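The block underneath contains the structure these notes are about, expressed in C-alpha cells.
The values are calculated or read from the model by the stated rules, or taken from the named source; none is laboratory data. Everything numeric in this text was worked out from a predicted model, so none of it was measured. We place every Cβ from the backbone using ideal geometry, glycine too, and count neighbours over all the protein chains shown. These accessible areas exclude ligands, DNA and RNA; they are computed on the full protein's heavy atoms, side chains included. Shrake-Rupley method; radii C 1.70, N 1.55, O 1.52, S 1.80 Å.
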Amino acid sequence: MERKRLLILGSTGSIGRQTLDIVRDHSERLGVVGLAANRNWQLLAQQAEQFGVTGVALADEQAATELRKATDRLRVHAGPDGLAKLVGTSRPDLVVAAISGVAGLEPVMAALEQRCDVALANKEPLVAAGELVTTAARRAGAQLLPIDSEISAIFQCMQGEQSAGVEKVLLTASGGPFANYTKEQLSAVTAQQALEHPTWQMGPKVTIDSATLMNKGFELFELKWLFGLEFNQIEVVIHHQSIIHSLVQFCDGSVLAQLGLPDMRTPIHYALFYPERVPNQLARLDLAAVGSLTFAAPDTARFPNLRLAYEAGRSGQSYPAVLNAANEVAVGLFLDAKIGFVDIPQLAEQTLEAHEPFAVDDLSDVQAADEWAREYSAALATDRR
Ligand code: NDP
C-alpha cells in the first residue's frame with residue numbers, strides 16, 4: 001500500500017509533534033514529505049533527520065539562514081511565502097495545518113489551491129476567513145478534516161447522517177483553570193497560572209484562549225463553516241472532565257456523543273486515516289475510573305469572550321477577522337505580563353465597537369481587517385497602561 005504523503009505546517013508545536021508521534025507509530029502507512037515552522041530551526045532539523053524529509057520551510061528569515069548554515073542537506077524555503085512554496089514543491093496528499101494563529105491562513109489557502117486535502121487544527125483561519133477557506137476547498141474538490149477534538153467529535157457523530165436532520169450541536173468546554181473564579185479573582189491571575197490547563201497540554205496561545213473561553217468562541221466558527229450550522233444551533237456546555245468531546249442532537253430528539261480521554265492524538269489519528277478506523281495503542285477510556293461527568297451552562301458575565309464570538313459571528317463581514325486579530329494582540333500582551341487577564345476580552349470588545357465593518361471578498365480584505373485591528377488594539381493597550 002502507498003504511504004500517505006503528509007506535509008506538517010507547525011511541526012515543532014504541540015499538535016505538530018503529536019502528529020509526528022502518530023507517523024512514527026504508523027510508518028508503514030504514513031510518510032512525511034515536508035515540515036514547516038516559524039523559528040525553531042533546531043527542532044525542525046532534528047525532525048527532518050528523523051523522518052527523512054528534505055523539504056522544509058521557516059517563516060522567520062533569520063531562522064532559515066541559521067538552518068542553511070547548519071546543514072546543506074535540506075532545501076530550506078524562507079519567509080511566509082516559503083510555506084506556500086513548500087506545499088507546491090513537496091506534492092503532499094494531506095497537509096496538516098497546525099500553525100498557531102491567522103498566520104496559518106495563507107499556507108492553508110495554498111494547499112487548497114494545490115487541491116490537497118487539509119487536516120485542520122489551526123482554527124483561526126476559519127474565524128478570520130471561513131467563507132474564503134471553505135469556498136476554496138469546494139472549488140478544489142479538497143476535503144477539510146477537523147483535528148480539533150470537539151469538532152472531530154461532531155464530525156464523527158455526523159458520519160452517515162444528513163445535515164438537515166441536525167437540530168443543534170452541544171459543544172463541550174472544559175471551562176479552563178478558572179471556571180470557578182470570581183471576577184475579582186480573575187483580575188489577579190497571572191500568565192503562569194493561565195498556562196496550567198487542567199485537562200489538555202497545548203501551545204501557549206490556545207491555552208490562554210481556553211482559559212478565557214475565546215477558544216470555545218472560535219469553535220463556533222469551525223462549526224459554522226465546516227458543517228453549515230447557524231450560531232443559534234450551537235449551545236456551549238461546560239464539562240470539566242473533557243471526556244465527552246461534543247454531542248449532536250437530531251430532529252427526532254436523539255443525541256449522539258463522542259467520548260474519549262483528553263488526548264489530542266485520538267482526533268489527529270482519526271483525521272490522518274479518515275475515513276478508515278485504524279487500530280492504535282493509545283490509552284483507553286475507563287468510565288468507572290472517571291466516576292462522574294458534570295455539566296453546567298457557561299457564564300458569559302465572567303467570560304465575555306464567548307458572547308463576543310457569537311456577536312461577531314452573527315454580524316459577519318470583517319468583524320470575525322477583527323475579533324481574531326484583537327485577541328491575538330491581547331493574548332500576546334497578557335503572556336508578556338503587559339495586561340491583565342480581564343483586559344483580554346475588554347480589548348477585543350472595544351476594538352470590535354470601534355470597527356467600521358466591510359465585506360470580506362478576498363485575502364486582502366482579511367489582511368486589511370487584521371492589520372487595522374492589530375494597530376487599534378495595540379494602541380488601546382498602550383493608552384490604558
Ligand atoms: P504551538 O504554539 O504549540 O505551535 C505552533 C506551531 O506553529 C509551531 O510549530 C510554530 O513554530 C508554528 N508557527 C507559529 N507562528 C508561525 C508563523 N507565523 N509561520 C509559520 N509557523 C508558525 O500551538 P498548538 O500546536 O498548540 O496549536 C496549533 C493550532 O492548533 C492552533 O490554531 C490551536 O488553536 C489549534 N489547536 C491546538 C490544540 C492543542 O491541543 N494544542 C487543540 C485544538 C486545536 P515555532 O515552534 O518555530 O515557533
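Could you tell me whether SER254 is of a type in the set (S, T, N, Q) and in contact (Cβ under 8 Å) with a residue 60 or more places away in the chain? Steps first, please.
Working: of a type in the set (S, T, N, Q): yes; in contact (Cβ under 8 Å) with a residue 60 or more places away in the chain: no.
Spelling it out, it is not the case that SER254 is of a type in the set (S, T, N, Q) and in contact (Cβ under 8 Å) with a residue 60 or more places away in the chain.
Mind counting the residues in segment 346-372 that are closer than 14 Å to SER315 by Cβ and either in contact with a Lys or Arg (Cβ under 6 Å, 6 or more places away or on another chain) or surrounded by 15 or more Cβ atoms within 10 Å (Cβ to Cβ) (or both)?
Going through segment 346-372 one residue at a time, the tally reaches 8.
To keep it simple, each residue is scored yes or no on (1) assigned to a strand (DSSP E or B); (2) open to solvent by 20 Å² or more (accessible area, probe 1.4 Å); (3) modelled with pLDDT of 95 or more; (4) touching a Lys or Arg at 6+ places or on another chain (Cβ under 9 Å).
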{"position": "SER242", "(1), (2), (3), (4)": "no, no, yes, no"}
{"position": "ASP252", "(1), (2), (3), (4)": "no, yes, yes, no"}
{"position": "GLN258", "(1), (2), (3), (4)": "yes, yes, yes, no"}
{"position": "PRO262", "(1), (2), (3), (4)": "no, yes, yes, no"}
{"position": "THR266", "(1), (2), (3), (4)": "no, yes, yes, no"}
{"position": "HIS269", "(1), (2), (3), (4)": "no, no, yes, no"}
{"position": "ASN280", "(1), (2), (3), (4)": "no, yes, yes, yes"}
{"position": "ALA283", "(1), (2), (3), (4)": "no, yes, yes, no"}
{"position": "SER292", "(1), (2), (3), (4)": "no, yes, yes, no"}
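Kindly provide the set of residues from segment 370-385 that are farther than 14 Å from GLN346 by Cβ and in contact with a His (Cβ under 8 Å, 6 or more places away or on another chain), ordered by number.
Within segment 370-385, TRP372, ALA373 qualify.
Is there a residue being crowded, with 24+ Cβ neighbours inside 10 Å and not β-branched (Val, Ile, Thr) anywhere in segment 24-34?
Yes, there is a match, as at least one residue in segment 24-34 is crowded, with 24+ Cβ neighbours inside 10 Å and not β-branched (Val, Ile, Thr).
Quick one: in segment 85-103, of everything that is within 11 Å of the ligand (Cβ to nearest atom) and small (Gly, Ala, Ser), which residue is farthest from ARG39 (Cα to Cα)? Steps first, please.
First, pick out the residues of segment 85-103 that are within 11 Å of the ligand (Cβ to nearest atom): 86, 96-103.
Narrowing further to those that are small (Gly, Ala, Ser): 97-98, 100-101, 103.
Values: ALA97: 17, ALA98: 15, SER100: 13, GLY101: 15, ALA103: 13 Å.
So the residue we want is ALA97.
What pairs come up if the first residue lies in segment 204-218 and is in contact (Cβ under 8 Å) with a residue 24 or more places away in the chain, the second is polar (S, T, N, Q) and within 10 Å of the ligand (Cβ to nearest atom), and their beta carbons are under 7 Å apart, counting only those six or more places apart or on different chains?
LYS205/SER100; VAL206/SER100; VAL206/ASN215; ASP209/ASN215
In the set SER14, SER90, which member is touching a residue at least 24 places away in the same chain (Cβ under 8 Å) and within 22 Å of VAL331 (Cβ to Cβ)?
None of the other options fit; the residue is SER14.
Checking the conditions here, which among ALA70, ALA37 is at pLDDT 95 or above and surrounded by 15 or more Cβ atoms within 10 Å (Cβ to Cβ)? Break it down into steps so the answer makes sense when it comes.
Working: ALA70 fails: surrounded by 15 or more Cβ atoms within 10 Å (Cβ to Cβ).
Criteria check complete, one pass: ALA37.
Taking segment 1-18 on its own, how many of its residues are part of a strand (DSSP E or B) and among the aliphatic types (A, V, I, L, M)? Please lay out each step first, then the result.
Here is the first cut: in segment 1-18, the residues part of a strand (DSSP E or B) are 4-9.
Remaining after also requiring among the aliphatic types (A, V, I, L, M): 6-9.
Final tally of qualifying residues: 4.
Can you tell me which residue within segment 303-339, out of those that are assigned to a loop (DSSP other than H, G, I, E, B), surrounded by fewer than 16 Cβ atoms within 10 Å (Cβ to Cβ) and of a type in the set (Gly, Ala, Ser), is nearest to the chain's Cα centre (by Cα)?
Of everything passing the filter in segment 303-339, GLY316 is nearest to the chain's Cα centre (by Cα).
May I ask you to list pairs of residues, at least six apart or on different chains, whose Cβ atoms are under 7 Å apart, with the first in segment 124-147 being in contact (Cβ under 8 Å) with a residue 12 or more places away in the chain and more than 13 Å from LYS224 (Cα to Cα) and the second being more than 16 Å from the ligand (Cβ to nearest atom) and assigned to a strand (DSSP E or B)?
Final answer for the pair search is ALA142/ASP117; GLN143/ASP117; LEU145/ASP117.
Filter segment 1-12 down to residues that are within 14 Å of the ligand (Cβ to nearest atom) and closer than 17 Å to PRO146 by Cβ and give me whichever is surrounded by the fewest Cβ atoms within 10 Å (Cβ to Cβ).
Just the residues of segment 1-12 that are within 14 Å of the ligand (Cβ to nearest atom), to begin with: 7-12.
Going one step further and asking which of them are closer than 17 Å to PRO146 by Cβ, we end up with 8-10.
On the way: ILE8: 30, LEU9: 30, GLY10: 27.
Selected residue: GLY10.
Conditions tested, residue by residue: (1) within 12 Å of the ligand (Cβ to nearest atom); (2) assigned to a strand (DSSP E or B).
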position: LEU20; (1), (2): yes, no
position: SER27; (1), (2): no, no
position: LEU43; (1), (2): yes, no
position: GLU49; (1), (2): no, no
position: LEU67; (1), (2): yes, no
position: VAL76; (1), (2): no, yes
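What's the number of the condition LYS85 fails, among (1) under 19 Å from ALA119 (Cα atoms); (2) open to solvent by less than 40 Å² (accessible area, probe 1.4 Å)?
(2)
When the residues of segment 289-336 are narrowed to those that are in contact with a helix residue (DSSP H, G or I) (Cβ under 6 Å, 6 or more places away or on another chain) and among the small types (Gly, Ala, Ser), which ends up farthest from LEU363 (Cα to Cα)?
Here the residue is ALA330.
Does segment 106-144 hold any residues that are within 13 Å of the ligand (Cβ to nearest atom) and touching an Asp or Glu at 6+ places or on another chain (Cβ under 7 Å), and which are they?
Within segment 106-144, ALA121, LYS123, LEU126, ALA128 qualify.
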